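Notes follow once the structure below has been shown.
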Amino acid sequence: MPSSSRAFTLSDFDFALPESLIAQHPAPERSGSRLLDGRSSPAQHRIFRELPELLNAGDLLVFNDTRVLKARLFGEKASGGKLELLIERVLEGNQVVAHMRVSKKPLPGARIHMCGGLRGGGFDAELLGRWPDENGPLFRFALQGPAGETPYELMERHGHLPLPPYIERNQSEGDDPDAAEDSQRYQTVFASKPGAVAAPTAALHFDETVLARLAERGVERASVTLHVGAGTFQPVKTENLAEHQMHSEWYDIPFATLAALERCRQRGGRVIAVGTTTVRTLESWARSGNIQGDTSIFITPGFEFQVVDMLVTNFHLPKSTLMMLVSALAGYERVMALYQQAIANQYRFFSYGDSMLLERQR
């Protein structure tokens, strides 16, 4: 039975991944990571810096230019109880929406002191109440820092980078949670729009040398913005995929990018999305016609792509929505075979791992 006509379940996207292949640190050089070129059979083993030679003049690379916030904040209730916030979204009026981890939830109106940690000092936050959201328990806070200081500035001064749960840093032994390695390497070199709590990891492989070679080769560049939310790490809990509720994320597509997409189509070039967040942004626009807004698009095998021709992506978690997306693009059987090949050849997985180049099945 063709994969496009199958009824997929969560178990179809499971696979055994040795823990030793989960990358805990980035490669010494951004573009020195490995690249599994999965467009042909057999797949080709390459180094990421070879990517420009695999693309054609007239192709269009589309990046996500979101910037990861230092959105992890530690605080203390008036009673002395500790809590942790993960800022999901910044609202007007110095308000934020956050996930809260605490043993006993404070009541609306409670004032919390957010500690400065290694930097000292801190600021206060007032719990305003729950935030209506279908994705889980979110809370609305009013941040009360020094006059004129925005939530973005408060996070930059007092917050910590929200590394994914599978990247371990032993803070009990004195590891700096904001070590230079993570502060620099868990951001893309072109990150400019603050708002994400997780990096668009496929773009972490690009450095200035690779970008310059792409330009020399005649490959055009454009950007979209999708602020990756904490829901990207939430597991799918239903075997029936139709019952899964995708987390919502905010996106924006500039007019310059729309013009670049049209030029690419006119000259017969290919649209190459860098990362699954870029895919979700472009295909959300194609379906809705909205160049800005929230998207909860859920891409699974059988999805009809309207924009993306190729994808640069990392290796993803078993049973994740990202596995479903790449399988929808390149074909389920092909993707699962490529993952087994990657495991056999000791490719590094997840955020700091290696990369793969895929082509949309026709």
**Q.** Top-ranked residue of the range 233-271 - restricted to ones that are in contact with an Asp or Glu (Cβ under 8 Å, 6 or more places away or on another chain), outside any loop (DSSP other than H, G, I, E, B) and not hydrophobic (A, V, I, L, M, F, W, C), ranked as surrounded by the fewest Cβ atoms within 10 Å (Cβ to Cβ)
**A.** Arg263
Q. Pairs under 6 Å by beta carbon, first residue in the same structural domain as Leu21 (by TED's automatic domain parsing) in the range 335-347, partner of a type outside the set (A, V, I, L, M) and assigned to a helix (DSSP H, G or I), six or more apart or different chains?
A. Val335/Ser327
Q | In the range 260-282, the residues that are touching a residue at least 12 places away in the same chain (Cβ under 8 Å) and within 12 Å of Asp309 (Cβ to Cβ) | A | Leu261, Cys264, Gly268, Gly269, Arg270, Val271, Ile272, Ala273, Val279, Leu282
Q) If a residue has to be touching a Phe, Trp or Tyr at 6+ places or on another chain (Cβ under 8 Å) and within 24 Å of Gly195 (Cβ to Cβ) to count, how many in the range 287-311 make the cut? A) 6
(Q) Given the condition over 21 Å from the mean Cα position of the chain (by Cα) and β-branched (Val, Ile, Thr), answer yes or no: does some residue in the range 45-55 qualify? (A) yes
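May I ask you to list the residues in the range 291-320 that are of a type in the set (S, T, N, Q) and outside any loop (DSSP other than H, G, I, E, B)?
Answer for the range 291-320, where residues must be of a type in the set (S, T, N, Q) and outside any loop (DSSP other than H, G, I, E, B): Gln292, Thr295, Thr313, Asn314.
The rows are residues; the columns are (1) buried (at least 22 other Cβ atoms within 10 Å of the Cβ); (2) not in a strand (DSSP E or B).
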{"position": "Leu325", "(1), (2)": "yes, yes"}
{"position": "Ala328", "(1), (2)": "yes, yes"}
{"position": "Arg334", "(1), (2)": "no, yes"}
{"position": "Gln340", "(1), (2)": "no, yes"}
{"position": "Tyr347", "(1), (2)": "yes, yes"}
{"position": "Tyr352", "(1), (2)": "yes, yes"}
{"position": "Met356", "(1), (2)": "yes, no"}
Q. Just for strands (runs of 3 or more DSSP E) wholly inside the range 1-104: which have at least 3 residues that are in the same structural domain as Trp250 (by TED's automatic domain parsing) and surrounded by fewer than 18 Cβ atoms within 10 Å (Cβ to Cβ)?
A. 44-47
Q: Output the number of the condition that Gly109 fails; it satisfies all remaining conditions of (1) of a type in the set (Gly, Ala, Ser); (2) closer than 27 Å to Trp250 by Cα; (3) in a loop (DSSP other than H, G, I, E, B).
A: (2)
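Considering only the range 30-44, state which residues are in contact with a strand residue (DSSP E or B) (Cβ under 8 Å, 6 or more places away or on another chain) and free of Cβ contacts under 8 Å to residues at least 40 places away in the same chain.
Within the range 30-44, the first condition is being in contact with a strand residue (DSSP E or B) (Cβ under 8 Å, 6 or more places away or on another chain), and the residues that meet it are 31-39, 43-44.
Those that are in contact with a strand residue (DSSP E or B) (Cβ under 8 Å, 6 or more places away or on another chain) and free of Cβ contacts under 8 Å to residues at least 40 places away in the same chain: Gly32, Gln44.
The values are calculated or read from the model by the stated rules, or taken from the named source; none is laboratory data. Quick caveat, the model's predicted, so the values are computed rather than measured. Using ideal geometry, Cβ is built from the backbone for each residue, glycine included, and neighbour counts are taken over all protein chains shown.
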